[in-house]
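Input: a single structure, listed below in structure tokens.
Every number here is computed from the coordinates shown, using simple stated rules; none is lab data. Everything numeric in this text was worked out from a predicted model, so none of it was measured. Here Cβ is always computed from backbone atoms with ideal geometry, including for glycine, and neighbour counts include all displayed protein chains.
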Amino acid sequence: MSALTIEGLKEILNEAAGDDDSFKPGQDILDLPFLELGFDSLALLETVALIKRKHGVSIADDEMAYIQTPRQLLDKVNGQIAA
């Protein structure tokens, strides 16, 4: 399975939020906190569910408490894909 890219994550985040264009093209969101990006815990739960469905990677709810930015989420997902 191929790694999840930032563009792929943006698509999943948009789908989870029910919005088609939350991010501007080329916008660097890697190190911005999810709360600053407008994603609350419910949107992140939906994001994790979509990642599991699309990429087969499970992230426990208690692990999500420590994942604050898209970079951290990508590292977690891609670490599991590589394993």
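What the table shows:
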| quantity | calculated |
| --- | --- |
| Contacts under 7 angstrom Cβ, first residue in segment 35-64 being more than 17 Å from Met1 (Cα to Cα) and free of Cβ contacts under 8 Å to residues at least 40 places away in the same chain, partner not aliphatic (A, V, I, L, M) and not in a helix (DSSP H, G or I), 6 or more apart | Leu44/Phe34 |
| Residue count, segment 52-72 (criterion: in a helix (DSSP H, G or I) and touching a Leu at 6+ places or on another chain (Cβ under 7 Å)) | 4 |
| Lone unmet requirement of (1) of a type in the set (Lys, Arg); (2) touching a residue at least 40 places away in the same chain (Cβ under 8 Å); (3) touching a helix residue (DSSP H, G or I) at 6+ places or on another chain (Cβ under 8 Å) for Lys76 | (2) |
| Hits in segment 37-51 - residues which are surrounded by fewer than 16 Cβ atoms within 10 Å (Cβ to Cβ) and not in a helix (DSSP H, G or I) | Gly38, Asp40 |
| Test for Glu15: is it charged (D, E, K, R), surrounded by 12 or more Cβ atoms within 10 Å (Cβ to Cβ) and in a helix (DSSP H, G or I) | yes |
